[in-house]
Amino acid sequence: MLESRLISIFRRNKDLGVKISSNLGKWGFTATKKMSNEGSFSTLNQYRHFSAIPKVGSCSGKFISRTFVNCGLRSFHCLNQKGVHRTSFRKISTVAASAAENKEGLKFLVTAGPHARKVVGIWLFASAAWVFSMVVLGGMTRLTRSGLSMTDWKFTGSLPPLTDEDWLVEFEKYKQSPEYKCVNKGMSVEDFKFIYWMEYAHRMWGRALGIMFALPFSYFLRKGYITVRLGLRLSGLFALGAGQGLIGWWMVKSGLEEPASEYVEPRVSPYRLAAHLTSAFAIYCGLFWTALSVVMPEPPAESLACVRGAAKVKRLALPVGILVGITAISGAFVAGNDAGRAFNTFPKMGDTWIPDDIFSMKPLMRNFFENTSTVQLDHRILATATLAAIGGLWYSTRKLDMHPAVRHLIGSTVGMAALQVTLGISTLLSYVPVSLGTAHQAGALTLLTFMILLNHTVRRPSPSLLKTLPSVAKMV
């Protein structure tokens, strides 16, 4: 009797399947296209199964009872399988990219489909990582005083010395440089080989980057993966990368000139060093931002409240990111003036908080770029201000409604800022060893990476995505 009533209810109420499906959606569950073999009933298929039950009226009551029990067990089993799952926000780029599919008004940088976006994104991230390694290798080259070991430059490069005679020829060229006469006089050929290989590796690594970037770029253009907007952007970055070699030689050439006085140590111009490093940072930032835009065309957003929270974060994150960049550039002037090897105390600079000679040069502006005391004091102040600004960013946004990824990213940025300041102080107190100095330079670019990622993540979503967002995020 009970079975017949249930059958009658299912036959009359043909909207039951739809109601079950809508309720599941309200409870935070979503069904995917593929189910596991054991739980392959979607909500609609369960309704169809139930509606077909009256056709087996000749079956026994036990068979019908077992059918209902099996359907119920399979339904609950499906909720624990991959077929039906709670919404996850661990993979930001995947969620954002899938949410952006088929959205009107959204302009993709790569238009050949998800696979093409993935391939182009991997290539751009690899290029950015290569530039990152170039910055680290450049820092090692500078700290080991290897940058002036090669006294000539060719755009296409050349083979290294292969015989003892070739090495002697290169060594004789180096002996004519001011650095050898004032700093490395009496250096052996073996010691010269070390600094030569460091500079040679830095140059050839940059040329290899150009080839690694140009070949896939040409291939993707031929395949039609890249839009005009993306093509112009990448062409500009490629041109800047090609010019980076010229800037590097322009910098090295300044260190091959005779110093103004015999008491002045030969070194490259701090202005040219800052230009070289700033250009490398600009290329890296451009590549990393573009790669993020390719794989994550839409920012992660759960609700309109999260979008409003992200807008408030952006108003703070943008100036903080600019401050991080300025602090990194000031570090280039510290390196160019070799200011890290002066005032190796903290928090005071020697016995005083502010040295007496910070404005000893004329005109006044020269002190901020050429005066060792002023340059180091500026870098200390900027580093402290950066740490305080990032801490203030975290404190000001801790109670805002925002996507969990944004919240975690802010926390990670605070941790990286604290680590970078610790590395800077340790480098100063240790008299700038190669290991700590290189780590500090890499830390600056890592912190800048966090700020780029944060600013990219809090972008405003497209109008098509905003229309689909609820006012408040659903609780799961």
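I'd like the distance between the alpha-carbon centres of segment 192-233 and segment 283-355, rounded to an integer number of Å.
26
How charged is the neighbourhood of Arg460? Take every other residue with its Cβ under 13 Å from the Cβ of Arg460, and add Lys/Arg as +1 and Asp/Glu as -1. It would help to have the intermediate numbers written out before the result.
Numbers: positive: Arg308, Lys312, Lys314, Arg315, Arg459; negative: Glu298.
Taking every Cβ under 13 Å from that of Arg460, the sum is +4.
Output ³J(HN,Hα) for segment 432-449: one whole-Hz value per residue in order, computed from phi by the Karplus curve 6.51 cos²θ - 1.76 cosθ + 1.60 with θ = phi - 60°, and x for Gly and Pro.
These are the phi-based 3J(HN,Hα) values: 6, x, 4, 5, 6, x, 5, 4, 5, 5, 5, x, 4, 6, 5, 4, 5, 4 Hz.
Working with all protein chains in place, sort Trp167, Trp250, Trp130 by solvent-accessible area computed with a 1.4 Å probe, largest first. Mind showing how you got there, number by number?
On the way: Trp167 20, Trp250 120, Trp130 55 Å².
From most accessible down to least: Trp250, Trp130, Trp167.
Which cross-chain or sequence-distant (5 or more) residues have an amide H under 5 Å from the amide H of Val110, H modelled 1.01 Å from N in plane?
Residues meeting the amide H criterion: none.
Kindly sort Arg222, Arg203 by accessible area of their heavy atoms, largest first, with the probe set to 1.4 Å.
My answer, sorted largest first, is Arg222, Arg203.
So what does Met212 come to for accessible area, using a 1.4 Å probe and Å² rounded to 10?
Approximately 50 Å² of Met212 is accessible to the 1.4 Å probe.
Probe 1.4 Å, all protein chains in place: accessible area of Val228 in Å², nearest 10?
Here the residue's solvent-accessible area equals roughly 110 Å².
Can you check what the net charge comes to around Arg308, using other residues whose Cβ is under 14 Å from the Cβ of Arg308 (Lys, Arg +1; Asp, Glu -1)? Write out the running numbers ahead of the final one.
Values: positive: Lys312, Lys314, Arg315, Lys399, Arg459, Arg460; negative: Glu302, Asp401.
Net charge in that neighbourhood comes out at +4.
Report relative contact order for segment 299-475 in percent, whole number only (criteria: Cα-Cα under 8 Å, sequence separation at least 6).
On the way: 194 pairs, mean separation 74.8, N = 177.
Rounded, it is 42 percent for segment 299-475.
May I ask you to evaluate 6.51 cos²θ - 1.76 cosθ + 1.60, the Karplus curve with θ = phi - 60°, for each residue of segment 236-244 and list the ³J(HN,Hα) values in order in whole Hz, giving x for glycine and proline?
x, 5, 5, 5, 5, x, 5, x, 5
Just the accessible area per residue of segment 299-475, please: how many Å² with a 1.4 Å probe? Don't skip to the answer; put the middle values down first.
Working: 8390 Å² over 177 residues.
Per-residue accessible area for segment 299-475 comes out at 47 Å².
Looking at the calculated P(r) for segment 249-340, what percent of the C-alpha pair distances fall above 22 Å? Don't jump to the answer; show the numbers that get you there.
Working: 2122 of 4186 pairs.
The answer is 51 percent, as a whole percent.
Order the peptides 295-302, 419-426 from the highest to the lowest mean number of other Cβ atoms within 10 Å of their residues. Working shown, then result.
Numbers: 295-302: 22.6, 419-426: 17.8.
Ranked by mean Cβ neighbours within 10 Å, highest first: 295-302, 419-426.
Explain nothing, just compute: Karplus ³J(HN,Hα) = 6.51 cos²θ - 1.76 cosθ + 1.60, θ = phi - 60°, for every residue of segment 146-151 in order, whole Hz, x for Gly and Pro.
9, x, 9, 6, 9, 9
Kindly sort Leu387, Leu234 by accessible area of their heavy atoms, largest first, with the probe set to 1.4 Å. Please report the intermediate quantities before stating the final value.
Numbers: Leu387 60, Leu234 0 Å².
In descending accessible area the options line up as Leu387, Leu234.
Kindly report, to the nearest 10 Å², the accessible surface of Lys173 as traced by a 1.4 Å probe over protein heavy atoms only.
Estimated to the nearest 10 Å², Lys173 gives 80 Å².
The values are calculated or read from the model by the stated rules, or taken from the named source; none is laboratory data. Just so we're clear, the structure is a prediction, and the values are computed from it rather than from any experiment. We place every Cβ from the backbone using ideal geometry, glycine too, and count neighbours over all the protein chains shown. Heavy atoms of the whole protein, side chains included, go into the accessibility calculation; ligands, DNA and RNA do not. Shrake-Rupley method; radii C 1.70, N 1.55, O 1.52, S 1.80 Å.
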